[in-house]
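To start, the structure under review is shown below, and the notes come after it.
Here, each number is a calculation from the coordinates, and none is a lab measurement. Because the structure is a prediction, the values reported are computed rather than measured. Neighbour counts are summed over all protein chains in view; Cβ atoms, including those assigned to glycine, are modelled from backbone coordinates with ideal geometry.
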Amino acid sequence: MSLDLAVATLDEINQARNDCRAMVTRRALVSGAAVLVPLPGSDLVADVGMLMQLLPRINARFGLSPEQVEELSPELKIMAFDLAKRLGSRLIGKAVTTSLVTSLVTKMGARVGIKSVARFVPLVGQATAAAISISIMRYIGNQHVEACYQLACQLISKRNNDFA
């Protein structure tokens, strides 16, 4: 279920936030399990693939997919892109590309490097790599959820003030 920001309420935004956080946690656990595949780079490919699916779903759940933003009034659309820029998100209201997601993952630099090396150490290394993978996925996912939440709340506030 996705929101229509033209009529959404704060309760619906809060529910979307909770739903998306749960979705992020589920994907993070799958990311942790992907570390167990013994092929070099397979965990990074899995993380990028999962984020390519997860981030657009979060956008849509908050009513912030490219198609949904396009349907906003011109004033709210401009405000949405301006707020997204101020929040530092290049992923809200835009198509999520492989290069954008890869750059997000590689910004986690040291953690990704440690995870890649640690996964080849039996047991302890694999557990460490899985924990790092879960934390990276949760960090990226929850940061995006919070950015979408803040933006949606501000758009709803603006919409409500305009009609008051």
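How about residue 94: which aspartates and glutamates have a C-alpha closer than 16 Å to its C-alpha, ignoring those fewer than 8 places off in the same chain? Residue 94 reaches 67, 70, 71, 82. Here the Karplus curve 6.51 cos²θ - 1.76 cosθ + 1.60, taken at θ = phi - 60°, turns the phi angles of the range 48-57 into couplings of 4, x, 5, 5, 5, 8, 5, 4, x, 5 Hz, with x standing for Gly and Pro.
For residue 63, the amide hydrogen comes within under 5 Å of the amide hydrogens of 3, counting only partners 5 or more places away or on other chains and with H modelled in the peptide plane.
How long are the three semi-axes of the equivalent ellipsoid of the range 1-111, in whole Å, if each is the root of 5 times an eigenvalue of the C-alpha gyration tensor, listed from largest down? If you can, show how the numbers build up before the last one.
Numbers: eigenvalues 168, 53, 22 Å².
Those come to 29, 16, 11 Å.
Here the Karplus relation 6.51 cos²θ - 1.76 cosθ + 1.60, evaluated at θ = phi - 60°, turns the backbone of the range 68-78 into coupling constants of 5, 5, 4, 7, 5, 4, x, 5, 5, 5, 4 Hz, with x for every Gly and Pro.
Spin-label model, residue 70 to residue 106: label points 7 Å out along the Cα-to-beta-carbon direction sit 2.9 nm apart. Straight-line reach from residue 85: taking Cα to Cα under 15 Å and skipping same-chain neighbours fewer than 8 places apart, the aspartates and glutamates in range are 146.
Modelled spin-label separation between residue 11 and residue 98, with each label point placed 7 Å from Cα along the Cα-to-Cβ direction: 4.4 nm.
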